[in-house]
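Undergrad: Here it is, the structure, as structure tokens.
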Amino acid sequence: MNEIPLIPAHLLRRLGVLGLLLLVAVATLLRSRQIDDPFWVDELHTAWAVSGSSSDLMPRAQAGNQAPAALLPQWLASRFLGVDELTLRLPSCLASLVLVALVPLMVFRFGGGWAGAMLAGVLVVGDYWSVVFAAEARPYALVQLLSLLHVWCLLGRMGLSGEPRESGGH
């Protein structure tokens, strides 16, 4: 059935981009409230582990039962910006903001429509653990982001998308 859309497609795209920017802006406000608070015990280990040279990273990470790769974003940030609360939490905050941007895009891409995409985005923006993990010098926000990317790749590999599929004659 050929229906005339109420809102032209180009306008919907612009509204979608504006909605996505609004979600990221609100997420930035929520996630930045505690980003410069003093370190807690586990974050102190992260600060110590990344404050040394590259050869110090592995033994220091292992001393705290951490994989050295998990501390790599903080180590790289500290090379350019120094070792302080904001610098060591910045990789987690950025990973969380990328997560906020990608969740709606993924939902839309796999057939959730604009309303479903924005709802999913709002849920991630306000998710308690996403907000907490974004303000920690720990790898949890990066794990959330990598998990989303794995699911996205899996769904893409399975051929799932919002586009109609051709029938194989069955």
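The values are calculated or read from the model by the stated rules, or taken from the named source; none is laboratory data. Keep in mind that what you see is a predicted model, and the values were worked out from it rather than measured. Virtual Cβ from ideal backbone geometry, glycine too; neighbours counted across all protein chains shown. Just so you know, the surface numbers come from the protein's heavy atoms only, side chains and all, with ligands and any DNA or RNA stripped out. Shrake-Rupley method; radii C 1.70, N 1.55, O 1.52, S 1.80 Å.
Undergrad: Mind checking which residues of the stretch 91-114 are modelled with pLDDT under 95 and either assigned to a loop (DSSP other than H, G, I, E, B) or under 30 Å from P59 (Cβ atoms) (or both)?
TA: F110, G111, G112
Undergrad: How many residues does the stretch 127-142 hold that are in a helix (DSSP H, G or I) and surrounded by 13 or more Cβ atoms within 10 Å (Cβ to Cβ)? Steps first, answer last, please.
TA: Filtering the stretch 127-142 for residues in a helix (DSSP H, G or I) gives 128-134, 140-142.
Keeping just the survivors that are surrounded by 13 or more Cβ atoms within 10 Å (Cβ to Cβ) gives 130-134, 140-142.
The total comes to 8.
Undergrad: Looking at the stretch 74-101, which of its residues are touching a residue at least 40 places away in the same chain (Cβ under 8 Å) and open to solvent by less than 40 Å² (accessible area, probe 1.4 Å)?
TA: Within the stretch 74-101, Q74, L88, R89, P91, S92, C93, A95, S96, L97, L99, V100, A101 qualify.
Undergrad: Does A117 count as open to solvent by less than 20 Å² (accessible area, probe 1.4 Å) and closer than 25 Å to F39 by Cα? Full working, then the answer.
TA: Details: open to solvent by less than 20 Å² (accessible area, probe 1.4 Å): yes; closer than 25 Å to F39 by Cα: no.
No: the conditions fail for A117.
Undergrad: Something else: Does V122 fit the bill of being open to solvent by 30 Å² or more (accessible area, probe 1.4 Å) and in contact (Cβ under 8 Å) with a residue 40 or more places away in the chain?
TA: Details: open to solvent by 30 Å² or more (accessible area, probe 1.4 Å): yes; in contact (Cβ under 8 Å) with a residue 40 or more places away in the chain: yes.
The answer is yes for V122.
Undergrad: Applying the selection to the stretch 47-66, what residues are of a type in the set (A, V, I, L, M, F, W, C) and free of Cβ contacts under 8 Å to residues at least 60 places away in the same chain? Give the derivation first.
TA: So in the stretch 47-66, the residues of a type in the set (A, V, I, L, M, F, W, C) come out as 47-50, 57-58, 61, 63.
Listed by number, the residues that qualify are W48, A49, V50, L57, M58, A61, A63.
Undergrad: Across the stretch 48-60, which residue is farthest from T87 (Cα to Cα) among those that are in contact with a Ser or Thr (Cβ under 9 Å, 6 or more places away or on another chain) and surrounded by 18 or more Cβ atoms within 10 Å (Cβ to Cβ)?
TA: Here the residue is R60.
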